[in-house]
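Worksheet: the structure to be examined is printed underneath.
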Amino acid sequence: MTEYWCEFAWLGGDTAVEGVVVEITGELITAVSRAATCPPGAERLSGLTLPGLANAHSHAFHRALRSRTQVGTGSFWTWRDQMYELARTLNPQSYHRLARAVFGEMALAGITTVGEFHYLHHGERGTPYADPNAMSEALMAAAGEAGIRITLLDACYLHGGIGTPPNEVQQRFSDGSAEAWAVRTQDALERFTTPISRVGAAIHSVRAVDSPSMRTVAEWAAERALPLHAHVSEQKSENEECIAKLGLTPVGLLAEQGVLGLSFTAVHATHLSGVDIDLLGVNGSTICMCPTTERDLADGIGPAAGLVLAGARLALGSDSHAVIDLFEEARAVELDERLATNVRGQHTASSLLRAATAEGQSSLGWHEMVGIAVGAPADLVTVSLDGVRTAGTTVDHALEAAVFAAGATDVRQVMVGGRVIVRDGRHLGFDVTAELAEVLAGPRT
């Protein structure tokens, strides 16, 4: 048994609690109590200790695009062209090296679980590798070496657009049919499910998966009680094409095919009608918002408050990794919506932390990650409150300081399953900065 004394800790309420003792046996929290001072033999955690953060939407290889896509003007679609050129260059070995460094960066930012929305499955022109799940295996190994949990959201991707075949790069994403996708993903599920790694399903988008195939994927996931994610209404043109060709919005189409539900997460959900919001809410679906990517790609600002009011839940993701900072994602949900609505305070610090922790974890199938509570896995993140951005913080406003002022660089210690992987802001397994510099210095188009 190991004992930690938290100066401040968030136990799920609207404010932090001062002087919290957390006992850990093996991988689980076995006791939570109060003490005004640090007990003898306990390790002191100065600052605010939170449950592990969940990055519910990631494309690890997009990290290699950071900064170089900021030159010139354009749109999501011109950015996508650059992303496709990058995707063309990757193989299992190079992807493992890149993902390991990216997941290491996530660990430093307090992320203990990542939802990797994975569609880069095959070799050139869609030729499967000798192991059809070689790219999946590379991602699973990378997360394990970085010390974080992963849910591999294996994406079905069949078309280049509604009714159009995949282009040369998109062929790398396609299994040819939903049935072939299910066979390959079943293999991944059986091989890669471990105490720290899980497999879920994904429908890439209404552009890339036809209606019958959507239903196949949804039924496959439901039969196995797995999480199901999809990109939804990120771009207005996606909605317009879906309505013009299929007579429904993307949300309406997904609802018609039986995709919506408690295990479903709509990623982005930026451009929604009132009916769309109601459908997502009444089905209790989760919305994974990725504000730093949505503003980077000029997508727009999603109706987060309206979705919550309708009954949907919120999760957060760093998506294209323009930055990897879940505190920035959390505050952006509130701050960006202020710009759109001219109303302040629609999302509290505690509700945004729930999106960054328990709700995000649940969307990835880690339902046992309920917070700092007896019986929960010991995934803990400690945020410094004595840095220049957070100095002077008291317990009454510690949550607000974390959400609205702190950043990834304020994370001091990270624990996953009772094992410390980051201490004093440094990853204990490898030099993340050096590995990022090395892997990103390689040839890039």
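Each reported figure results from applying straightforward, stated rules to the coordinates on display, with no laboratory input. None of the values given here were measured: they were computed from a predicted structure. Ideal geometry is used to build each Cβ from the backbone, glycine not excepted, and the neighbour counts take in all protein chains shown.
Summing Lys and Arg as +1 and Asp and Glu as -1 over all other residues whose Cβ lies under 14 Å from the Cβ of Val20 gives a net charge of -3. Of Ser67, Ser58, Ser350, the sequence from fewest to most neighbouring Cβ atoms within 10 angstrom is Ser67, Ser350, Ser58. Helix content alone sets the calculated 222 nm mean residue ellipticity of the chain: runs of n ≥ 4 DSSP H residues at -39500 (n - 2.57) each, divided across all residues, give -10500 deg cm²/dmol. With the Cα gyration tensor of segment 54-363 giving a ≥ b ≥ c as the square roots of its eigenvalues, does the rule (a/c under 1.5 for rounded; else a/b larger than b/c for prolate; else oblate) give rounded, prolate or oblate? Rounded shape, in that the Cα axes give a/c under 1.5.
Under 13 Å from the Cβ of Gly126, count the other residues' Cβ atoms, weight Lys and Arg +1, Asp and Glu -1, and hand me the total.
Details: positive: Arg88, Arg125, Arg172, Arg184; negative: Glu124, Glu168, Asp175.
Cβ neighbours under 13 Å give a net charge of +1.
For the peptides 228-234, 392-398, 246-252, the ranking by packing is 228-234, 246-252, 392-398, with the highest mean count of neighbouring Cβ atoms within 10 Å listed first. Summing +1 for each Lys or Arg and -1 for each Asp or Glu among the other residues whose beta-carbon sits under 10 angstrom from that of Arg172 gives 0. Taking the centroid of alpha carbons for each part, segment 340-387 and segment 70-131 are 26 Å apart.
Counting every Cα pair in segment 36-88, what percent are over 16 Å apart?
Details: 866 of 1378 pairs.
In whole percent, the long-distance tail amounts to 63.
Just the number, please: percent antiparallel of the DSSP beta bridges in segment 54-363, rounded to the nearest 5. Antiparallel: roughly 5 percent of the beta bridges in segment 54-363.
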